[in-house]
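Some notes on the structure that comes next.
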Amino acid sequence: MSKTSYSSKRIVLSSLIGVAVIGGIAAGGLAMASASAPTEPTLENGSARFVAPTGSKAGSLTFTTDVSDDSGVKGLKVMAWPASSKLDPTEAELRNVDSAVCRTTTDDTSRCTYTLRVTKAEAAELAQGTWYVSALATAKDGGTTFVPRAATFGVTL
């Protein structure tokens, strides 16, 4: 084997080892980057209930859901709206509405409950029929999830 041939093979072998090492570092870097990227919060077990006012007692609208995120839950914004209104709330609109009260149940999950008191006068003005609840969950790492129809409920008086 000539010296040139031996040197060429050693350079190719060194180059392949270098590519393998750099490839491993790059793959590891990508894996770490994707592992540290924020995940989006999830909403589960959502339910809404409307109770009409009776006598001198106020009624209520209650929406409850479990919100989870690996960084923890920062908060939940909630808006109820009648299907007949043809309203189609956006994530941006939900940033400026009422907040639910969230209580931590595990390191990454909170049970969030939104309760709205409804007087007889307010109930008389509500559209009867199907209503929706839109929700915007925010995680501690800044991730968000918008659910345009997180729950459905009926209003009957």
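The values are calculated or read from the model by the stated rules, or taken from the named source; none is laboratory data. Since we're looking at a predicted model, the values are computed, not measured. Reconstructed Cβ throughout: ideal geometry from the backbone, glycine too, with neighbour counts over all protein chains shown.
Things to note:
- Count of residues meeting criterion [charged (D, E, K, R), surrounded by 12 or more Cβ atoms within 10 Å (Cβ to Cβ) and within 24 Å of residue 41 (Cα to Cα)] in region 74-125: 8
- The residues of region 77-106 that are modelled with pLDDT under 95 and among the acidic types (Asp, Glu) amount to a single one, 88.
- Strands (runs of 3 or more DSSP E) wholly inside region 62-157 that include at least 1 residues being out of contact with any Gly (no Cβ under 6 Å at 6 or more places or on another chain) and in contact (Cβ under 8 Å) with a residue 60 or more places away in the chain: 73-82, 129-139, 144-155
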